[in-house]
Amino acid sequence: MARNAIAAISIALLSLGANVAQAQTHATIVVQAGTPPHRHTAPVQMQYHPAPPPPRHEAAPRPRRGMVWVPGHWEWRGHRHVWMQGHWVKARPGYHYRPHRWEERDGRWRMQPGGWDRDGDGVPDRHDRQPGNPYRY
């Protein structure tokens, strides 16, 4: 069953690759690779968009206690890029915020959403003499 799904996805990707050259610059390609219904995982979704405009310069405000500044970024909304302004979010002890970023692969652009990543050593920074050191146990 897994081989059939992989074969179907491969054929779909190859046919999409042939059609990409003919697609307009504002086209969005969405590829979904599902898993059998008995698994508890979400389907993999990849969206490719045109290159984003250069990032805008935002002056980061002064630090706030217990808050993390999330810098502004471009998002794909509808059929165009829209600038999302930076904003404050509440800090999470033992985590650091990974900002949104755009990645290019073979001339195609995909947005990697921002989010919270656990600090490497799992010790909250307020109790850690070496915060963020993934080799400390």
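Sort out which residues of region 95-137 are among the acidic types (Asp, Glu) and modelled with pLDDT of 65 or more, and write them in order of number. So that I can check it myself, show each step before the final result.
From region 95-137, those among the acidic types (Asp, Glu) are 103-104, 106, 117, 119, 121, 125, 128; that's our starting set.
GLU103, GLU104, ASP106, ASP117, ASP119, ASP128 - these are the residues of region 95-137 that are among the acidic types (Asp, Glu) and modelled with pLDDT of 65 or more.
With the requirement that a residue be exposed (fewer than 15 other Cβ atoms within 10 Å of the Cβ) and closer than 16 Å to PRO50 by Cα, what does region 90-109 give you?
ARG101, GLU103, GLU104, ARG105, ASP106, GLY107
Among TRP88, TRP83, TRP116, TRP102, which is touching a Pro at 6+ places or on another chain (Cβ under 6 Å) and either in a strand (DSSP E or B) or of a type in the set (S, T, N, Q) (or both)?
Just one listed residue meets the conditions, TRP102.
Being surrounded by 13 or more Cβ atoms within 10 Å (Cβ to Cβ), closer than 24 Å to ARG108 by Cα and at pLDDT below 70: is that true of VAL30 here? Steps first, answer last, please.
Numbers: surrounded by 13 or more Cβ atoms within 10 Å (Cβ to Cβ): no; closer than 24 Å to ARG108 by Cα: yes; at pLDDT below 70: yes.
Here the answer is no, as VAL30 does not meet what is asked.
Anything in region 62-80 that is in a loop (DSSP other than H, G, I, E, B) and without any contact (Cβ under 8 Å) to a residue 24 or more places away in the chain? List them, or say none.
Residues of region 62-80 that are in a loop (DSSP other than H, G, I, E, B), as a first pass: 62-66, 71-72, 78-79.
The answer is ARG62, PRO63, ARG65, GLY72, GLY78.
The values are calculated or read from the model by the stated rules, or taken from the named source; none is laboratory data. It should be emphasised that the depicted structure is a prediction, and the values quoted were computed from it without experimental measurement. In this analysis, Cβ positions are derived from the backbone assuming ideal geometry, glycine residues included, and neighbour counts consider all displayed protein chains.
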